[in-house]
1. So which residues in the stretch 49-61 are over 18 Å from Val2 (Cβ atoms) and surrounded by fewer than 18 Cβ atoms within 10 Å (Cβ to Cβ), if there are any at all?
2. Out of the stretch 2-58, which residues are of a type outside the set (D, E, K, R) and at positive phi?
Amino acid sequence: MVESCSAVNCCNRRRIDVKMKFHRIPTDPNMRKLWLHAIRRKNFTPSTTTVICEKHFTPEDYEPISRKNIAIEGF
């Protein structure tokens with residue numbers, strides 16, 4: 001299955017030859033609500049495989065945890 005960014009007007013896809021991070025929609029209800037608001041898609045119900053690419057985040061959206069970054073607070 002090809003993973004594509006779910007943000008409006010974004011055509012980024014996960015590819016082997018391009019290093020780009022993709023983030024799944026959080027399961028935490030409060031964080032999920034922030035992300036869905038930020039996505040701005042009407043009548044959108046994300047699946048468990050829905051992803052957003054790193055192009056929709058700023059460095060401030062990340063919080064270093066141990067040795068990997070995790071996206072925080074919507075985008």
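1. Let us first name the residues in the stretch 49-61 that are over 18 Å from Val2 (Cβ atoms), namely 56-61.
Thr58, Pro59, Glu60, Asp61 - these are the residues of the stretch 49-61 that are over 18 Å from Val2 (Cβ atoms) and surrounded by fewer than 18 Cβ atoms within 10 Å (Cβ to Cβ).
2. Those that are of a type outside the set (D, E, K, R) and at positive phi: Asn9, Asn43.
No value in this document is a laboratory result; all are computed from the given coordinates. All values derive from a computational prediction rather than experimental measurement. With ideal geometry, Cβ positions are generated from the backbone for all residues, glycine too; neighbour counts draw on all protein chains shown.
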